[in-house]
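Beneath this line is the structure, given in structure tokens, with notes to follow.
Just so it is clear, none of the values below were taken in a lab; they were calculated from the coordinates. Every value quoted in this text rests on a predicted model; they were computed, and no experiment measured them. Reconstructed Cβ throughout: ideal geometry from the backbone, glycine too, with neighbour counts over all protein chains shown.
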Amino acid sequence: MNVATDQHVETDAHYKVPDVAGYTEVAYEAKKQLFEQVRADIRFSDYLYGCYECGICVAACPSAKFYDFSPRRIAQAAAREDIELFYQQIQEDIWECSQCFSCLRCPRGNNPGGIVTIMREVAVRNGLASAKEALVGYTRIIYKIMSSGTQVSPDMLRPDAFPDWGPETGDVADNLDLWRRALPPETMHTTSAGWSVADKTLLELYLIWLETGALDMIAEVDGGLHSILRELMEERLEEEGIEL
Amino acid sequence: MTIPIEAPIDACTRSHVAIVDHRSLDDPRAELLELERQGELIVQKIDREAVSVATKYGREKRIQKSHLWHHKSCGQCGHIPGYSTSIFWVMRKLGYDYHDPHDQTSCTAWNYYASATSNAAAQAAVAVRNFAAAYESGYFPLIHCGTSYGHYKEVREQLIHHPELRDQVRRIMAKLGKPLVLPEEIVHYSEWFHALRYEIAAKQVRDVSRIVVTVHPACHYYKIVSGDAIYDPDIYGGQRMAVVTGLAQALGAEVRNYSTWFDCCGFGFRHILVQRDFTRSFATLRKIEVMKEEANPDVVLTHDTGCVTTLDKSQFAAQAHGRNVGLAVLSDAQFAALAMGAHPYRVCQLHWHSADYRPLLEKMGIDWEKAWAEFQGDLRRLASGEKRYLDWDDADGVHDEHVPAPSPAGHEHDD
């Protein structure tokens, strides 16, 4: 039950007050509306059953060891419907999660990592500042997965992109075409995709991105990328005579 | 430090760890078959010889041995290609046929867990589209990536429990001219290696009994929908997942324990790409250094794309800082292939790795300098135009002078 109204939070110690949570410039109703989007996701009820406050999820969490991040607080904020704390988390915490799902050790059956996944989706869909910041430098990867059907292509392995991976990355980049042709499976003689994906398969993937609204999700965080991808997909589908 | 299996086995006899689910946990296979009876979806059945294994809470899971549709991994194919080629090579050597499809996309879950630029319906539709492609081919899907495997299990749960999601995906599949179809079991390649570990060991030509191994269990293999992972009372007393360790032990390697086995590798999905300070720190401080201090292994074996990448690539920067790193990182498939006599470069493609694997090869009795010279000869043939691509015969050195050709086994079908 959500009892955290503007008036109530001042007196209930269980709820984060706006002055502490920050973002006082954002209206409570706007924050609550985001929370409602999270709660409306079909997976939400599968991911949250309450919280013993035992901290097992925190002990198992790699991100909690390096950041000011707590899967327990994610579950608690969602369970208590603490709108102010929820908003703080969606702006400051969620992108620190490793999505390893070690927190599924929860004896109550909660899935804090899953709640984070939903919160991230809502952050992207609404173009929140945290999503824009988190996805800086990520444009090429989203373009690659949505347009080619594979994510990390061989030609992404460049020393300037991965200088901390050692000189072998340079060896790969220098010999890429030859080394790819030395791979026995013929599907892998590719440099711009992990393997050779059939044209028909790509068209089917484009239809999925368009039909499910997944492509339009990025409009708020990266309008340019959204336009490029939408044009690419619609053109290819039109060429094949496929109507949306 | 040895593997702590004695205590749990003493406390819990094998007869107690029976293949009966006393906890009445969901049986996804039974639920799928029930939905099929109701006309909600199609279940692709296991239709070839299979090996039965036990999952975490005792449910029996069957692993089809042959006629498999290889759901490749974008990360493996992209930057650790020897991972994928080793899986194919071992299957060929065991004489099991397979299909390496062009009609396959990535599961797209790496991007999803990194950027959230997708949603439940899209992720489910991508999964079902791939499963439908496998179903149409008649081959049974085998998933190469641990994240694809975990994500697909999660998608299966969502499709089972949410009729509105089934409806949405069914409508999208209808537009693609495909049915809503899921396989009877979602099977990870490391489960295939585990189920066939004694067949693999029977083809072993290299002694690995001097090799000390640590195992990193991949989070998305056994933490997501944990009840579907393989456990075995003979391996860690059934207290940890059995895959990888079971294979290494069947090959005769010494598997040693270390205290941070449950920790993730530090991949982080988005962190490995755009926030690697976290990834490097976690991989080296919580995994590699702990393994070295507590177990001093020759190699860490793992069974997922992200884990091999993270543990292998994160060591270079730490080495520059004088940390206690420098440990070969291989997939279980590459290790098994080497034990079966695979070429370290033509098949296992170790030149794509960063951490130094050469001491491991030397301890396995492999002359890596000779092997590298052979591979350089291959590259010269490609560069000169003598050949456009290397093939499986080249990988086995069929055309090398004074090297006997291996007997043909298995065959590959392409689209």
* **Unit Cα scatterers, Debye sum, chain A: log10 I(q)/I(0) for q = 0.07 Å⁻¹** => -0.33
* Asked: Using a simple charge model, +1 on the beta-carbon of Lys and Arg, -1 on the beta-carbon of Asp and Glu, nothing else, what dipole does chain B show about its Cα centre, in debye to the nearest 20?
  -> 760 debye
* Structure fact -> Its Cα gyration tensor gives region A:139-239 an equivalent ellipsoid whose semi-axes in whole Å, largest first, are 29, 18, 9
* Could you give the size of the charge dipole of region A:139-239 about its Cα centre, using +1 on the Cβ of each K and R and -1 on the Cβ of each D and E, expressed in debye and rounded to the nearest 20? => 240 debye
* To do: Show the residues, 5+ positions off or on another chain, whose built amide H is closer than 5 Å to the amide H of B:Trp69.
  => B:His99, B:Phe140, B:Leu142
* Asked: Local charge sum around A:Cys57 (other residues, Cβ-Cβ under 12 Å, Lys/Arg +1, Asp/Glu -1)?
  -> +4
* With θ set to phi - 60°, apply the Karplus curve 6.51 cos²θ - 1.76 cosθ + 1.60 along region A:190-203 and write out the HN-Hα couplings as whole Hz, x wherever there is a Gly or Pro. => 10, 10, 9, 8, x, 8, 7, 9, 4, 4, 4, 5, 5, 4
* Across region B:366-382, in residue order, what do the Karplus-derived ³J(HN,Hα) couplings come to in whole Hz, using 6.51 cos²θ - 1.76 cosθ + 1.60 with θ = phi - 60° and x for Gly and Pro? -> 9, 7, 5, 5, 5, 5, 5, 5, 4, 5, 4, x, 4, 5, 5, 5, 5
* **Dipole magnitude of the protein assembly as shown, debye to nearest 20 (Cβ charges: Lys/Arg +1, Asp/Glu -1, about Cα centre)** => 1120 debye
* Filter the trypsin sites (Lys or Arg not before Pro) in region B:224-328 to those in DSSP coil with at most 13 other Cβ atoms within 10 Å of their Cβ, and list the result. => none
* **Dimensions in Å of region B:16-189 - Rg and Dmax from alpha carbons** => 16.1, 50
* Could you give the semi-axes, largest first, of the ellipsoid that matches region A:8-134, computed as the square roots of 5 times the alpha carbon gyration tensor eigenvalues and rounded to whole Å? -> 21, 17, 14
* Asked: Can you list the cysteines of chain A that have no other Cys Cβ under 4.7 Å away?
  -> A:Cys51, A:Cys54, A:Cys61, A:Cys97, A:Cys106
* chain B: antiparallel DSSP beta bridges as a percent of all, rounded to 5 -> 25 percent
* To do: Provide, as a two-decimal number, the C-alpha radius of gyration of chain B over 2.2 N^0.38 Å, N being how many residues it has.
  => 0.98
* To do: Could you work out how far helix A:83-92 tilts from the main Cα principal axis of chain A, as a 0 to 90 degree angle to the nearest 10?
  => 30 degrees
* Structure fact -> Taking chain A and counting helices only, DSSP H stretches of n ≥ 4 at -39,500 (n - 2.57) each over all residues, the nearest-500 ellipticity at 222 nm comes to -14000 deg cm²/dmol
* Structure fact -> Rounded to the nearest 5, the percent of DSSP beta bridges in the protein assembly as shown running antiparallel is 25 percent
* Structure fact -> Spelling it out for B:Ala218: with amide H atoms placed in the peptide plane at 1.01 Å from N, the residues 5 or more places away or on another chain with amide H under 5 Å from its amide H are B:His303
* **Angle between chain A longest axis and helix A:223-239 axis [Cα atoms, degrees, rounded to 10]** => 50 degrees
* In sequence order, what are the phi-derived ³J(HN,Hα) couplings for region B:259-264 according to the Karplus relation 6.51 cos²θ - 1.76 cosθ + 1.60 with θ = phi - 60°, rounded to whole Hz, with x for glycine and proline? -> 6, 9, 4, 6, 4, 6
* Scan around B:Val255 for amide H atoms under 5 Å from its own, H built in the peptide plane at 1.01 Å from N, and keep only partners 5 or more places away or cross-chain. => B:Val213
* When the Debye formula is applied to the Cα atoms of region B:179-310, each taken as the same point scatterer, what base-10 log of I(q)/I(0) results at q = 0.10, 0.22 Å⁻¹? -> -0.36, -1.38
* To do: Have a look at the protein assembly as shown and give its Rg and Dmax from the Cα atoms, expressed in angstrom.
  => 24.3, 86
* Asked: Considering only DSSP beta bridges with both partners in region B:16-189, what is the antiparallel share in %, to the nearest 5?
  -> 35 percent
* Asked: Counting each DSSP H run of 4 or more residues in chain B as -39500 (n - 2.57), what helix-only mean residue ellipticity at 222 nm follows after dividing by all residues, to the nearest 500 deg cm²/dmol?
  -> -12000 deg cm²/dmol
